[in-house]
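J.: Take this structure, written in C-alpha cells, and hold onto it; I'll ask about it next.
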Amino acid sequence: MSQLGNIPHTIWWEDGTVRMIDQSRLPLVGDLLVCNTYDGVCVAIAGMAVRGAPALGVAAALAVALWSETEGANATSVDAYLARLDEVADEIARTRPTAVNLMWGAERMKRLARDNADVGLVQLRELVLQEALNVRAEDEERNRALGAHGAELLAPGSRVLTHCNAGSLATAYFGTALGVIFTAHAQGKVAHVWVDETRPVMQGARLTAWELKMAGVPCRLITDNMAASVMRHGWVDAVIVGADRIAANGDVANKIGTYGLGVLCKEHGIPFYVAAPSSTVDLTLETGDGIVIEERDTREVTGVTVAGVIEPRSPQETRALDALTAEGAYKLGMTKGHQMELSRKGGAYQFDAWLRIAPPNVDVYNPAFDVTPAEYVTAIITECGIVRPPYLGSLAAACCGTGSIHELG
Ligand code: MRU
C-alpha cells in the first residue's frame, strides 16, 4: 500500500515566519528552523538546512517576502521599497552559485514588485507575499506533473538508481526524480530503488533513503563507487536524477558524481533521465561550460558530520548531561581536531559532531556539482513533458511561457 502521505513538507510560511525542516541534521535529528529575518534564511541556505534546487527557489521567494513583511514594512516610499527589495533579492541569490532556481526565485519576486509599483505600498506588500506563496504552491504542481510524465518512461518491475536527493525535501513537496519514482511506484512499476549515498554530504544516505522508506518504496543503499558494479550485474533498468541547472543544449549540472553515472549508463546501455522543473532550465547559457560550480568547505571531505539524540540510561547520566548543558551548548575537548558539542533541546539531549578521517593539512578539492554533457542524457523530464535530443531548440520550446529564468531577465 502506498504510504506517500508520509513524505515531508520542506519549507513553508507560518505566522509571519519562514519555517523549514533542518536537513543538515536529518534523519537522526528532526529540528524545525524558524526564520524571523531574511538573513536567517540566507544562513539556512548556505548551511544547507534547506537545499535542492527547487526548494532553493522557494526559499528565495519566501525570504524576499519575509523581508517585505519585516524591514520592508518600514519603507517610506515605493521607490525606497523597490530599491531595497532588489538589494535583498540579489543578496539571497548570491548565497549559493550553481542552482539557478535560487536566482529564478529571487528574480521572480523582483519582477512582480517592479510590475506592480503603482498599486501603493500596502497592496504591493500583499502581492509580494502572495507571489511567494504562489511560487511554493506551483513547485508542487510542477513536480506532480513531471512525475506523471516521467512515470511513463518506466516499465513494470523497474530497478531505478538515483543520486543525491531530488525528493520532497529538495522541493517544496513531492520531488523531481523521486516524484517520478513515487508516481511510478504507485502505478506498480518500481521493483526497488538503488540509492547512491552521495559523498561527501550524504544526501542519498541521509535524505533519499529516509524519504523512500517513509513512502514505502523498497530501496537499497550503496556507496557511490558501487554503482558501476550493480550496473554490470544487470541490476539497473534506469537512472533518474534531478538537476541544479540545465543549459540550452541539454548539458546538466547536478550533484557531484552525476557525470560518472551518465558515462556508466552509456557504457551499459541504461537510459539516463534527468527530471527537473522548467525553473531549472537556464536558456541564457548555451552550454554547461558557463555554469559556476560551487566549491564547498574542505571539512566536508576530510571528515564526517554527524548529529544524534542521546538517551541517558540512568539518573546519574541525566544529571551529568544536565550539568554539562546547564549554561547552553557544551563543547567537549577532543584531540586531532575532532569536534563534539552537547546541547539540550526541551527534554532531549543532542550531540553535533565533526569527526576527522583524513590527516590534518591534506590538500582537498571539493566541488559540489559536476556537468553531464547532453550526449549522455537520454531524456529531460519537465512539467511540460519529455524532451529528447537534440535539446537545442526543443528544450527552449518546451519551457516557452513557463517563466523560466531567461524570460524573467
Ligand atoms: O547541494 P545540494 O544538496 O543542494 O544538491 C542538490 C542536488 O544536486 C539535487 O540533485 C538537485 O538540486 C536536484 S533537487 C530536485
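The values are calculated or read from the model by the stated rules, or taken from the named source; none is laboratory data. What you see is a predicted model, and the numbers here were worked out from it, not measured in a lab. Quick reminder, even Gly has a Cβ in these numbers, built from the backbone with ideal geometry, and neighbours come from all protein chains shown.
J.: Take segment 263-279 and flag every residue that is within 13 Å of ALA374 (Cβ to Cβ) and either buried (at least 24 other Cβ atoms within 10 Å of the Cβ) or modelled with pLDDT under 95 (or both).
T.: VAL274
J.: While we're on this one: Mind checking which residues of segment 339-369 are assigned to a loop (DSSP other than H, G, I, E, B) and under 30 Å from THR98 (Cα atoms)?
T.: Residues satisfying the conditions are ILE357, ALA358, PRO359, PRO360, ASN361, VAL362, ASP363, VAL364, TYR365, ASN366, ALA368.
J.: Pick from ALA184, ALA205: which is crowded, with 24+ Cβ neighbours inside 10 Å and modelled with pLDDT of 95 or more?
T.: ALA184
J.: With the structure loaded, tell me whether THR335 is at pLDDT below 95 and over 30 Å from GLY179 (Cα atoms) or whether it fails that test.
T.: yes
J.: Please identify the pairs in which a residue from segment 163-175 that is over 23 Å from ALA227 (Cα atoms) and within 6 Å of the ligand (Cβ to nearest atom) has its Cβ atom under 7 Å from the Cβ atom of a residue that is modelled with pLDDT of 95 or more and assigned to a loop (DSSP other than H, G, I, E, B), counting only partners at least 6 apart or on another chain.
T.: From residues that are over 23 Å from ALA227 (Cα atoms) and within 6 Å of the ligand (Cβ to nearest atom), the pairs are THR171/THR10; THR171/GLY52.
J.: Just give me the residues in segment 224-257 being touching a Pro at 6+ places or on another chain (Cβ under 7 Å) and either modelled with pLDDT under 95 or within 11 Å of the ligand (Cβ to nearest atom) (or both), in sequence order.
T.: Passing the criteria: only ILE256.
J.: Check off (1) more than 28 Å from THR98 (Cα to Cα); (2) hydrophobic (A, V, I, L, M, F, W, C); (3) within 16 Å of the ligand (Cβ to nearest atom) for LEU324 and give me the number that stays unchecked.
T.: Of everything listed in (1) more than 28 Å from THR98 (Cα to Cα); (2) hydrophobic (A, V, I, L, M, F, W, C); (3) within 16 Å of the ligand (Cβ to nearest atom), LEU324 misses just condition (3).
J.: Which one is farthest from the chain's Cα centre (by Cα) among residues in segment 356-386 that are among the hydroxyl-bearing types (Ser, Thr, Tyr) and within 12 Å of GLY150 (Cβ to Cβ)?
T.: THR378
J.: What number of residues in segment 42-67 are out of contact with any strand residue (DSSP E or B) (no Cβ under 7 Å at 6 or more places or on another chain) and within 12 Å of the ligand (Cβ to nearest atom)?
T.: Qualifying residue count, segment 42-67: 10.
J.: Can you say whether VAL58 is over 27 Å from PHE369 (Cβ atoms) and touching a Lys or Arg at 6+ places or on another chain (Cβ under 6 Å), as far as the supplied structure shows?
T.: no
J.: Let me ask you something else. Among ASP251, ASP282, which is the only one that is in contact with a Lys or Arg (Cβ under 6 Å, 6 or more places away or on another chain) and not assigned by TED's automatic domain parsing to the domain that holds ALA106?
T.: On inspection, the qualifying residue turns out to be ASP282.
Residue-wise test of (1) under 23 Å from the mean Cα position of the chain (by Cα); (2) part of a strand (DSSP E or B); (3) away from the ligand (no atom under 13 Å from the Cβ).
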| position | (1), (2), (3) |
| --- | --- |
| CYS265 | no, no, yes |
| ILE293 | yes, no, no |
| VAL301 | yes, no, yes |
| THR305 | yes, yes, yes |
| ARG313 | no, no, yes |
| ARG319 | no, no, yes |
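J.: So which residues in segment 307-321 are over 14 Å from GLY347 (Cβ atoms) and either at pLDDT below 95 or hydroxyl-bearing (Ser, Thr, Tyr) (or both), if there are any at all?
T.: ALA307, GLY308, SER314, listed by residue number.
J.: Going by the structure shown, is VAL263 under 27 Å from ARG144 (Cβ atoms) and not assigned by TED's automatic domain parsing to the domain that holds PRO27?
T.: no
J.: Can you tell me which residue among GLY269, GLY260 is within 16 Å of the ligand (Cβ to nearest atom) and not aliphatic (A, V, I, L, M)?
T.: GLY260
J.: Consider only pairs whose beta carbons are under 9 Å apart and that are at least six residues apart or on different chains; among these, list those whose first residue lies in segment 388-404 and is among the aromatic types (Phe, Trp, Tyr) and whose second residue is surrounded by 14 or more Cβ atoms within 10 Å (Cβ to Cβ) and part of a loop (DSSP other than H, G, I, E, B).
T.: TYR391/ALA248; TYR391/ASN249; TYR391/GLY250; TYR391/ASP251; TYR391/VAL377
J.: Can you spot a residue in segment 199-207 that is touching a Ser or Thr at 6+ places or on another chain (Cβ under 7 Å) and near the ligand (Cβ under 10 Å from one of its atoms)?
T.: yes
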